[in-house]
1. From the list Y431, Y421, which residue is closer than 30 Å to F59 by Cα, open to solvent by 10 Å² or more (accessible area, probe 1.4 Å) and touching a strand residue (DSSP E or B) at 6+ places or on another chain (Cβ under 9 Å)?
2. Provide a single number: the residues in segment 457-468 that are over 20 Å from M275 (Cα atoms) and either open to solvent by 40 Å² or more (accessible area, probe 1.4 Å) or assigned to a helix (DSSP H, G or I) (or both).
3. May I ask you to list the residues in segment 99-112 that are in contact with a helix residue (DSSP H, G or I) (Cβ under 6 Å, 6 or more places away or on another chain) and either at pLDDT 95 or above or of a type in the set (S, T, N, Q) (or both)?
4. Of these, T401, T395, which one is over 22 Å from K296 (Cα atoms), surrounded by fewer than 23 Cβ atoms within 10 Å (Cβ to Cβ), among the β-branched types (V, I, T) and at pLDDT below 90?
5. Conditions first: (1) free of Cβ contacts under 8 Å to residues at least 24 places away in the same chain; (2) under 17 Å from the mean Cα position of the chain (by Cα). W508 passes all but one, so which condition is the exception?
6. Could you say which residue among N112, N94 is closer than 27 Å to L225 by Cβ, assigned to a helix (DSSP H, G or I) and open to solvent by 20 Å² or more (accessible area, probe 1.4 Å)?
7. Of everything in segment 451-465, what is within 11 Å of L497 (Cα to Cα) and under 28 Å from the mean Cα position of the chain (by Cα)? Give them in sequence order.
8. Show the residue pairs meeting these rules: Cβ distance below 6 Å; 6+ apart or different chains; first residue within segment 157-172 and over 30 Å from K583 (Cβ atoms); second residue open to solvent by 50 Å² or more (accessible area, probe 1.4 Å).
Amino acid sequence: MKNIYGLTTIILMAVSITSCSFLDENMNTRYSEEDIYGSKPALESAIIGCYTAFATSGFYGGAMMEWFSPASAIVHWGLTGSTLSDPQKRWLDNLSLTQFSKNPYNLSMYKNLYGTVYKCNKLISAMPSSPVEQEFKDQIEAEAHFLRAEAYFHIVRRWGNVPIHSEIPVTLEQTNGKREPFWKVYGLILNDLDYAYSHGSKDGHYGTGRVGRHAAMAVKSLVYLTIGTLLEHSDADDNFWVCSNEEVFAGFASIGIESAKDAFEKALEAAKDVMPETSETGSPYMLAENYSQLFKWTAPEDYQLKERIFTITSASEKAYSQLATWTLPNYYNDTPDNMYYGRFRPSRFVFQKWCESYGGKKGSGDASSIYVDCLDPRLPASLIYGSFKGQKGETKYCYPTANCVKNGTRWESFPYFKKYYDPKYCNTAGYADLYVMRLAEVYLIAAEAAANLCSSPSDKLGTESISYINILLNRARHSTSNGSASTQPANWTSDGLDKDALIDRIFWERAFEMLGEQHEYFDTHRMGAKWFAEHVTKPANEFLFRPEQDDNGNVDGHRKAFYGTPSHGEGNIYPSDPIYVRKGLICPIPNDELVYNASLSLEDQNPSKIFWE
């Protein structure tokens with residue numbers, strides 16, 4: 001029996017053996033590793049293959065956007081029916097904050113991420129035999145280590161204890177693998193990022209989607225921040241592990257992280273090496289002057305912004321790109337209709353939270369109790385809301401407007417994302433790129449790390465934390481379409497804040513700045529069950545029972561349509577008891593992996609007394 005990771009290897013082995021019988025025995029054409037990796041163009045092609053493998057690991061298609069990110073409770077799946085269909089069952093997974101073991105998208109992400117690991121391992125193993133000059137090989141290998149680290153970072157945050165494959169298997173037995181403790185996976189990730197930093201390009205690869213050495217340090221800051229929040233929220237029954245905290249802390253100590261405080265200090269140090277104001281090694285990155293520049297997608301310079309750290313590039317002919325087709329409205333700006341539009345949407349909850357935070361404006365009539373806009377210029381740059389131009393210039397409506405509160409259809413029940421629209425778009429995959437990481441996130445990482453290290457928002461570290469946020473808020477205020485500065489979002493001060501309130505505000509600032517960029521699941525799930533329940537699921541559930549969510553003359557009503565129908569019962573809302581929130585902190589191991597990996601059994605599943613089966 002074989003696990004998913006080794007499937008590609010087995011197929012290649014079988015093809016290489018069986019194909020020989022179809023060849024004339026005098027055939028002397030052979031391709032050695034030296035042929036395949038024997039030139040700079042060949043190595044370039046190989047590393048691009050690794051990037052492409054990563055791009056298909058759920059970032060573009062429904063596996064990530066439609067069926068995973070909405071488990072965060074702050075973005076939403078945009079389409080449902082009135083009957084209990086298979087898609088609706090998967091939406092119920094999201095309402096449980098996870099993906100169940102037999103969800104096909106859970107398997108798809110698992111399989112494709114390990115496919116990325118395989119491609120990276122294949123390239124890394126070939127480096128010693130390649131005759132290409134060492135400096136060039138070092139850069140290629142650094143990128144392969146970076147991509148393997150990114151793949152494992154996504155794997156460990158989704159499934160916890162997982163098999164580790166750092167070399168190419170040469171036997172069928174080696175394709176199997178036992179689950180390793182999650183801290184060992186983090187150790188591999190940090191080692192790979194260290195290699196990528198020490199051997200990577202110093203200048204980066206702007207406009208290509210490829211990474212330089214400072215990209216490794218940027219991701220390292222997020223890895224340390226993630227570890228810090230895991231250890232900070234390690235009270236009994238609060239996080240995803242089932243072993244003792246003593247074992248967890250000893251495990252992280254074995255990879256050089258002594259405590260949550262140590263992890264936050266390392267996160268802040270790494271972030272400072274990337275931010276241009278604090279870098280002592282010469283960071284190549286810079287914030288875009290205007291937030292809307294990040295999502296213009298019109299000119300070559302839009303794809304070469306120095307804010308880009310790690311992007312997945314797109315072109316309309318790439319079938320795996322779904323950023324445009326799965327986020328934009330039907331007929332948007334006279335594009336042809338497509339039944340899949342708008343299936344990944346900002347939630348009503350996060351829209352109202354954003355407006356409430358930064359100069360919200362309430363509507364009139366049936367919309368007088370809700371926010372319909374705010375003064376933060378990032379909102380119209382990020383989202384389509386209220387109304388938009390559809391086919392033949394027709395005005396179409398979506399949330400939040402009075403007619404959508406009262407008479408809206410399910411399609412109109414949410415705003416839409418605007419970030420992935422480009423003028424060339426015409427019912428195709430589109431040309432917009434996905435920012436896996438951009439410089440703004442590093443400021444947010446530094447702010448959160450410093451906030452966790454401070455005693456008070458008014459002390460040195462608290463003030464430092466706020467200063468990083470204010471850099472982003474200043475950029476946001478100067479991102480209006482007419483060039484005049486807005487009054488919002490206003491700079492933060494420490495007035496009226498305690499440490500917990502500061503961390504909460506930073507969490508929501510992350511949500512607003514990067515909404516729709518597919519960080520939502522990871523940002524909510526790393527904070528522990530108690531924090532997740534108190535700061536996200538409870539408020540989200542309370543929001544659902546405001547008057548605007550009732551039927552209120554609507555054909556279905558927002559709450560009824562998405563959170564309870566006659567076919568699957570009323571009240572299917574997010575779990576708010578930490579006992580049940582904890583069940584969704586990581587995903588169950590895909591059922592196929594347990595069946596086909598000879599080193600595992602059904603007993604290796606995340607235990608059902610804690611996790612959803």
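The values are calculated or read from the model by the stated rules, or taken from the named source; none is laboratory data. If you're wondering where the values come from, they're calculated on a predicted model, not measured in any experiment. Every residue, glycine among them, receives a Cβ derived from its backbone with ideal geometry; neighbour counts consider all protein chains shown. Quick note on the areas: whole protein, heavy atoms, side chains included, nothing else; ligands and nucleic acids left out. Shrake-Rupley method; radii C 1.70, N 1.55, O 1.52, S 1.80 Å.
1. So the residue among Y431, Y421 that is closer than 30 Å to F59 by Cα, open to solvent by 10 Å² or more (accessible area, probe 1.4 Å) and touching a strand residue (DSSP E or B) at 6+ places or on another chain (Cβ under 9 Å) is Y421.
2. 2
3. Q99, S101, N103, S108
4. Step by step, each of T401, T395 is checked, and only T401 is over 22 Å from K296 (Cα atoms), surrounded by fewer than 23 Cβ atoms within 10 Å (Cβ to Cβ), among the β-branched types (V, I, T) and at pLDDT below 90.
5. All conditions pass for W508, except number (1).
6. Only one candidate qualifies: N112.
7. G462
8. Going by the 6 Å Cβ cut-off, the qualifying pairs are I168/K122; I168/S125.
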